[in-house]
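S.K.: Starting off with a structure, shown below.
The values are calculated or read from the model by the stated rules, or taken from the named source; none is laboratory data. This is a predicted model, so every value here is computed, not measured. Cβ coordinates were reconstructed from backbone atoms using ideal geometry, including for glycine residues, and neighbour counts include every protein chain displayed. Just the protein is used for accessible areas: all its heavy atoms, side chains included, with ligands, DNA and RNA removed. Shrake-Rupley method; radii C 1.70, N 1.55, O 1.52, S 1.80 Å.
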Amino acid sequence: MNSEELTRHYYSKLKGLPDFKKIAVFSILEYGLIVERSLETSLVTLLYAFILYFSLISIMFLKNFKTAIFLGDVTALPYLILSFFSFSIFAFGFTLPILSFSMLLRYGEKKSLLFSLLISLLPIVFFPKEVVIYLIYLVTVSFLYYLYLWSINKKGKDIVGITSLTILRPFMKAVMEKDSKPLDNFFEKTSEEKEIHIALIRLDDKILVIPQIHFGIFGNQGSARLPYKIEGEIKDAIVFHGPGSHEINLATAKESDRIVSILKGRIEDGKEWQEAVFNGITFHKIENFQATRLDFSKFSISFLERPNFGIDDLPEQLWEEIIKYNNFVVDTHNTFLSRDFDKIEIGDLKEFLREKRQGRTQKRLYIGYAESLLPNNCEGYCNKRIRTFVISDGDKKIAIVYFYANNSERETRDIITKSGEGLVDRTIMVTPDDHSCAGSSMVTTYLPARPCDNMYNIVRKTIEDALSSVKEVSRISFMVVKLRAKMIGKIISSMLEGLEKVGNFASRTFWVPLILPYFVFALFLYFLN
């Protein structure tokens, strides 16, 4: 299971609480039955105890009332059933582990467990005769639940060196409460400072940016919005994805802002630009890769695709060859990965990047540009904007169609490729591995770009518009900005390993804290009888 697939798998579980309308309707039914049962038995304390419990959890989850309703629901049903056997009070302990887990984000393990214990205990004021046995019951459930949390934390500590919940809490706050500060603080502390390179290619007024940075983690975290920030500050810039994965995410959004400021300053200063001439467009086959290369006198840009097996986060080690030979690589991220890269493929890619530029004929460079929008119902896109470049050397013409998405389904790429037939020699779909909308909803949680209505016609029209705007480029230059940046680093690999192992353990054992209170209750009944 690769990192993207693993993240999608567990993230979808985080977002999976039932629909609010459904649980609200169920709540009204349950709470009405509690009132009826209280009136039927003339035990008004039955109603008062539940009102007190529900009031307490409502206060605790005032900002997330959906959780309070859900907790009330899962408590009310056993509470009703036990009322027929004079054991109603124990129902408030049945949800203690769920209640505690729901408060982990805000309070941590010990405080959340203490608050849960107190909330579950307070309704005993209406059942004073059972206070001793009920208190023993709650303490037993709390102790066993804490042992379970300890086992989860120990697994994380053994794998990553940090307890599982220490890692999980900031992620959950970022995902579920849109609070990015804890995660920023976490990665700020664990970050690694590293030397990186950012290639800037200027073709008249257009600036192509290929940074040694991965655009993650998600939302506003790290470098997830770096392409948008660069395009917002640097006019006519377009940001492509180079080799590398989550290890080269910037640690914080603040670091992204700093990088953008540096790039803007270097571009405006203008002292580092190196002039170059164009040598034409060439097509190459390298093992399972398909490369479309723009050759220049001092550098090249290769748009890499892997149609049969998909392409997603080429190895960062390629940057050694990229920088040494100024042969820049765009990881097009245009077909969802179905088979990982092997050593032969990567070895052949390195050889391709080592190729020297000698004795090539100068050619004219022509560029056209156009934009359009996808319909709102298209899924898997962080932004509906389509940016299309047509590039020609006088003999060959290619179209680069850029979508703000996190990779693509094969069918989507096929539509884009066919949309340029008869207009250009090759149409290349490109996505920047956009994580900025990951976690915004169940629909767009790490979805690759999906085909949608009228996509073929929209893209074809945009290519036609770009063709109609083609003009010769009069000035070509490039620079490689070298700087040090705080990256997430190797810890992300350990975290993904921990997520897989701890996640598998938690998936297999999630039922343990759920049935613990019922199991302890059954034991109490057995020994009491």
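S.K.: For the stretch 396-405, does any single residue satisfy the condition of being under 24 Å from Lys471 (Cβ atoms) and of a type in the set (D, E, K, R)?
M.R.: Kept after step one, since they are under 24 Å from Lys471 (Cβ atoms), are these residues of the stretch 396-405: 396-402.
Checking which are of a type in the set (D, E, K, R) leaves us with 396-397.
The answer is yes, given that some residue of the stretch 396-405 is under 24 Å from Lys471 (Cβ atoms) and of a type in the set (D, E, K, R).
S.K.: Quick one: what pairs do we get from the stretch 297-312, first residue touching a residue at least 12 places away in the same chain (Cβ under 8 Å) and charged (D, E, K, R), second open to solvent by 10 Å² or more (accessible area, probe 1.4 Å) and outside any strand (DSSP E or B), C-beta under 6 Å, 6+ apart or different chains?
M.R.: From residues that are touching a residue at least 12 places away in the same chain (Cβ under 8 Å) and charged (D, E, K, R), the pairs are Lys298/Ala276; Arg306/Asn288; Asp312/Leu337.
S.K.: Being open to solvent by less than 80 Å² (accessible area, probe 1.4 Å) and of a type in the set (A, V, I, L, M, F, W, C) is the filter here, so list the residues in the stretch 338-354 that pass it.
M.R.: Of everything in the stretch 338-354, those that are open to solvent by less than 80 Å² (accessible area, probe 1.4 Å) and of a type in the set (A, V, I, L, M, F, W, C) turn out to be Phe341, Ile346, Leu349, Phe352, Leu353.
S.K.: Considering the stretch 60-92 alone, what residues qualify as being buried (at least 17 other Cβ atoms within 10 Å of the Cβ) and not in a helix (DSSP H, G or I)?
M.R.: Phe61, Ser83, Phe87
S.K.: Is at least one residue of the stretch 216-239 over 26 Å from Phe303 (Cα atoms), crowded, with 21+ Cβ neighbours inside 10 Å and touching a residue at least 24 places away in the same chain (Cβ under 8 Å)? First the steps, then the outcome.
M.R.: Our first condition is that a residue be over 26 Å from Phe303 (Cα atoms); within the stretch 216-239, this holds for 219-221.
Keeping just the survivors that are crowded, with 21+ Cβ neighbours inside 10 Å gives 221.
Those still in the list that are touching a residue at least 24 places away in the same chain (Cβ under 8 Å) too: 221.
There is at least one residue in the stretch 216-239 that is over 26 Å from Phe303 (Cα atoms), crowded, with 21+ Cβ neighbours inside 10 Å and touching a residue at least 24 places away in the same chain (Cβ under 8 Å).
S.K.: Give the residues of the stretch 394-439 that are assigned to a strand (DSSP E or B), over 20 Å from Arg293 (Cβ atoms) and either open to solvent by 10 Å² or more (accessible area, probe 1.4 Å) or of a type in the set (Val, Ile, Thr) (or both), sorted by residue number.
M.R.: Of everything in the stretch 394-439, just one residue is assigned to a strand (DSSP E or B), over 20 Å from Arg293 (Cβ atoms) and either open to solvent by 10 Å² or more (accessible area, probe 1.4 Å) or of a type in the set (Val, Ile, Thr) (or both), namely Glu421.
S.K.: Restricting to the stretch 134-164, name every residue that is open to solvent by less than 10 Å² (accessible area, probe 1.4 Å) and at pLDDT below 90.
M.R.: Gly156
S.K.: Then there is this: Got at least one residue in the stretch 470-484 being open to solvent by 70 Å² or more (accessible area, probe 1.4 Å) and under 26 Å from the mean Cα position of the chain (by Cα)?
M.R.: Among the residues of the stretch 470-484, at least one is open to solvent by 70 Å² or more (accessible area, probe 1.4 Å) and under 26 Å from the mean Cα position of the chain (by Cα), which makes the answer yes.
S.K.: Another question about this same structure. For the stretch 106-125, check the following and say yes or no: at least one residue is more than 25 Å from Lys63 (Cα to Cα) and either surrounded by fewer than 15 Cβ atoms within 10 Å (Cβ to Cβ) or not aliphatic (A, V, I, L, M) (or both).
M.R.: yes
S.K.: What tally of residues in the stretch 355-378 results from selecting those that are outside any strand (DSSP E or B) and touching a strand residue (DSSP E or B) at 6+ places or on another chain (Cβ under 8 Å)?
M.R.: So the count comes out to 12.
S.K.: Here are some residues: Ile281, Ile248, Ile286. Which one is within 30 Å of Asp342 (Cβ to Cβ), of a type in the set (A, V, I, L, M, F, W, C) and within 18 Å of the chain's Cα centre (by Cα)?
M.R.: Residue meeting the stated conditions: Ile248.
S.K.: Looking at Asp342 and the list (1) over 25 Å from Ile238 (Cβ atoms); (2) in contact (Cβ under 8 Å) with a residue 40 or more places away in the chain, which single condition is not satisfied?
M.R.: (2)
S.K.: In the stretch 362-369, is there at least one residue being among the hydroxyl-bearing types (Ser, Thr, Tyr) and at pLDDT below 95?
M.R.: Checked the stretch 362-369: no residue is among the hydroxyl-bearing types (Ser, Thr, Tyr) and at pLDDT below 95.
S.K.: Keeping to the stretch 174-192, report how many residues are in a helix (DSSP H, G or I), out of contact with any Gly (no Cβ under 6 Å at 6 or more places or on another chain) and crowded, with 18+ Cβ neighbours inside 10 Å. It would help to see each step written out before you state the result.
M.R.: Kept after step one, since they are in a helix (DSSP H, G or I), are these residues of the stretch 174-192: 174-176, 181-190.
In the following step, the residues that additionally are out of contact with any Gly (no Cβ under 6 Å at 6 or more places or on another chain) were identified as 174, 176, 181-190.
Remaining after also requiring crowded, with 18+ Cβ neighbours inside 10 Å: 174, 183-184, 186-187, 190.
Number of matching residues: 6.
Yes or no, residue by residue, for (1) under 22 Å from Pro97 (Cβ atoms); (2) at pLDDT below 85; (3) part of a helix (DSSP H, G or I):
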{"site": "Glu4", "(1), (2), (3)": "no, yes, yes"}
{"site": "His9", "(1), (2), (3)": "no, yes, yes"}
{"site": "Lys21", "(1), (2), (3)": "no, yes, yes"}
{"site": "Val25", "(1), (2), (3)": "no, yes, yes"}
{"site": "Tyr31", "(1), (2), (3)": "no, yes, yes"}
{"site": "Glu40", "(1), (2), (3)": "no, yes, yes"}
{"site": "Leu46", "(1), (2), (3)": "no, no, yes"}
{"site": "Phe50", "(1), (2), (3)": "yes, no, yes"}
{"site": "Ile57", "(1), (2), (3)": "yes, no, yes"}
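S.K.: Let me spell it out: the conditions are (1) open to solvent by less than 70 Å² (accessible area, probe 1.4 Å); (2) under 34 Å from the mean Cα position of the chain (by Cα), and Arg357 meets all of them except one. Which number is the exception?
M.R.: (2)
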